[in-house]
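These notes are about the structure you will find just below.
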Amino acid sequence: MWLKAIFQTQLDLSVNLSATHQAHVYERPGCWMPPEEQAMLSRALSDVAERSLAAGSLDYGVFRADSGALERSVIMLIRERTTGRAIAFNALALLDVNHRGSRELVTHLGLVLIDPEARGKGFSWALYGMTTLLLFARNQLRPFWISSVTQVPAVVGLVCEGFSNVYPSPDAGTTRRFDHLSLARQIMRDHRAAFGVSGDARFDEARFVIEDAYRGGSDHLKKRFDEAPPHREPAYNEFCASQLDYGRGDDLLQIGEMNLAAARRYLLQDVPRHSLPALIGTLLFLLAQRAVLPMLYWLSPGRAWGRLRPWREKRDV
């Protein structure tokens, strides 16, 4: 199993969060997972959503079989280790953008849902940061851009605290750079379907606010301000209250970076001590994988290696 994992090009791995729960990360499962397993994964996500949302299920992204979202997503699913029952997930979307003349991916933090019976059991650290940390290690510690669309003060604060160069934010010294504006414009032009916002929702570029955002598949996620989970720091709650019209259904679009500083903060401040050894072991494996594979490719110049070296090997007849 470990030998197979070394040669994987997409993430497909498990991390033990505790003695009772395990997280599994699937990167672009629509590109490699058999159709019957894709259907089981989508069903597990829908089951969590139905238990989590009193108003009903969702109708966009990974919840629609015809959307192709599983080919452009990274899914982390938390299950009970004894029963295999899914109790929480996050669904990250990989958005194609043009950044400084090159094609890049923005990792959209996407949707996080937790079964009501599992809330308050300490899964936030995994759901809001672990997947991006694993992608950062798999990317050989190269920084990448992230985005988030939400009206929840707790999530706004988690994004501000968990990533670098985040805009908008109430934190002192926050400035909007050209990178923020360029990426936001492309996301709003090309990728609204990834977060269930209709094409006619107005985007305020000065404040990065999407007005009347809850039309386009995410309707059941709309909340009043008093329903949205607050952050422990009042500044984030006050910021959301001042910037968003909850009656209309506004969202903040936040842009930030996953880099070495963000990874360090996450490991030192967010990860529970009992979960740290398993997570560090997984990170070291991913880093070693990225070091070992190029060496293997270099030592066998006459052998085909997928997309890296796609020609067919010559065989003696």
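For the reader, a short list of remarks on this structure follows.
- Local electrostatic count at residue 236 - Lys and Arg +1, Asp and Glu -1, tallied over other residues with Cβ under 11 Å: -3
- Normalised alpha carbon radius of gyration of segment 10-295 [divisor 2.2 N^0.38 Å]: 0.95
- Secondary structure note: in the chain, about 95% of the DSSP beta bridges are antiparallel.
- Only Cα pairs under 8 Å and 6+ residues apart enter the sum, and on that basis the relative contact order of the chain stands at 18 percent.
- Percent of C-alpha pairs per 10 Å bin in segment 100-199, short distances first: 12, 42, 37, 8, 1.
- Segment 163-270: projected area of the alpha-carbon convex hull, averaged over directions, in nm²: 7.6 nm²
- Residue by residue, segment 32-43 carries 3J(HN,Hα) couplings of 9, 7, x, x, 5, 6, 4, 5, 5, 5, 4, 5 Hz when phi is fed to the Karplus relation 6.51 cos²θ - 1.76 cosθ + 1.60 (θ = phi - 60°); x denotes Gly or Pro.
- Tilt relative to the chain, helix 234-243 - C-alpha long axis, 0 to 90 degrees, to 10: 70 degrees
No lab work stands behind these numbers, since they all come straight from the coordinates. Fair warning: this is a prediction, and the values are worked out from it, not measured in the lab. Cβ: placed from backbone, ideal geometry, glycine included. Neighbour counts: every protein chain shown.
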